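Trainee: Have a look at this one.
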Amino acid sequence: MKAGTDLAQIASLVGDPARANMLAALMGGTALTASELAMEAGVTLPTASAHLARLSDGGLLRMTRQGRHRYYALADHQVAAMLESIMGVAAALGPQKVLPGPRDTAMREARICYDHLAGEAGVAMFDAFAERGFIAIDGDDVNLTDKGAGFFSDFGLDIEAMRGKRRPVCRSCLDWSVRRSHLAGSLGAGVLDRFIALKWARREKNSRVIRFTPPGRAAFERMLRADEGRTGA
């Protein structure tokens, strides 16, 4: 079978407008019911169920049962990365705007991309971590340095546990609104989780927007500055 055949199969799943809206809704990393996804797609529940079956059979979604409810989520981080990349291409090749990406200023500034920080804040963090020598960038490869491992361990992250997972510790993800890379992988997810645990930031209800508190914003900006020492909990 030619590779293009597989590509066409995935493209046909993502390319339907209703299914695309469902997948975009799941980019927030939260599992949703068929009824919730039907509302996101603007279709009836039976139609939504048919779409969800196709997406699940195609390997893009996973379904879990809780009581009488079925919850749907993206299959894994690779699916999320694919969708973020497609959004970037769509933003670049679609109707030209003064600013690419979401019109909502808060979404542009900081939002969750599956399980890690995206938007202007995410891109700034990626650049700062590279500048401070915490990550090393070689083309498309991103690797955690010894300096970075020490810093993030002090910040409260279990780096050894991350290294034991199949998921890459570090990975770049093309940010579709800024059109530059932000930090994904286990490290990207861990850093955002730590921000929320420290109450530097919170996720806005029913939204992908990440809101920094004033003290959290100050602490985040200190973390980005190369002239600062290590930022502990």
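Trainee: From (1) surrounded by fewer than 18 Cβ atoms within 10 Å (Cβ to Cβ); (2) free of Cβ contacts under 8 Å to residues at least 12 places away in the same chain; (3) over 26 Å from Met22 (Cβ atoms), pick out the condition that doesn't hold for Ile137.
Mentor: (2)
Trainee: Tell me, which residue of segment 145-188 that is in a loop (DSSP other than H, G, I, E, B) and among the acidic types (Asp, Glu) is modelled with the lowest pLDDT?
Mentor: So the residue we want is Asp175.
Trainee: Identify all residues within segment 46-93 that are among the hydroxyl-bearing types (Ser, Thr, Tyr), touching a residue at least 40 places away in the same chain (Cβ under 8 Å) and either open to solvent by 60 Å² or more (accessible area, probe 1.4 Å) or not in a helix (DSSP H, G or I) (or both); write none if there are none.
Mentor: Across segment 46-93, the qualifying residues are Tyr71, Tyr72.
Trainee: Condition (residue is at pLDDT 90 or above, open to solvent by less than 60 Å² (accessible area, probe 1.4 Å), over 19 Å from Lys205 (Cα atoms) and in a strand (DSSP E or B)) applied to segment 20-33: is it met by at least one residue?
Mentor: No: zero hits.
Trainee: Let me ask you something else. Looking at (1) at pLDDT 90 or above; (2) within 20 Å of Ile210 (Cα to Cα); (3) open to solvent by less than 60 Å² (accessible area, probe 1.4 Å), find the lone condition where Glu120 falls short.
Mentor: (3)
Trainee: Say we look at segment 140-154 and pick out the residues that are free of Cβ contacts under 8 Å to residues at least 12 places away in the same chain and of a type in the set (Asp, Glu); which of these is most open to solvent (accessible area, probe 1.4 Å)?
Mentor: Asp146
Trainee: Of all residues in segment 189-222, which are among the β-branched types (Val, Ile, Thr) and either assigned to a helix (DSSP H, G or I) or touching a Leu at 6+ places or on another chain (Cβ under 9 Å) (or both)?
Mentor: Val191, Ile196, Ile210
Trainee: Then there is this: How many residues are in a helix (DSSP H, G or I) and small (Gly, Ala, Ser) if we restrict to segment 117-144?
Mentor: So the answer is 6.
Trainee: Can you name every residue in segment 172-186 that is on the phi < 0 side of the Ramachandran plot, open to solvent by less than 10 Å² (accessible area, probe 1.4 Å) and touching a strand residue (DSSP E or B) at 6+ places or on another chain (Cβ under 6 Å)?
Mentor: Selection gives Cys173, Asp175, His182, Ala184.
Trainee: Note down all Cβ pairs under 8 Å where the first residue falls in segment 109-133 and is among the basic types (Lys, Arg), the second is at pLDDT 95 or above and open to solvent by 30 Å² or more (accessible area, probe 1.4 Å), and they're at least six residues apart or on different chains.
Mentor: What qualifies is Arg132/Lys147.
The values are calculated or read from the model by the stated rules, or taken from the named source; none is laboratory data. This structure is a prediction, so every number in the text was calculated from the model and none was measured. With ideal geometry, Cβ positions are generated from the backbone for all residues, glycine too; neighbour counts draw on all protein chains shown. Side chains are part of the model used for accessible areas, which takes the heavy atoms of the whole protein and leaves out ligands, DNA and RNA. Shrake-Rupley method; radii C 1.70, N 1.55, O 1.52, S 1.80 Å.
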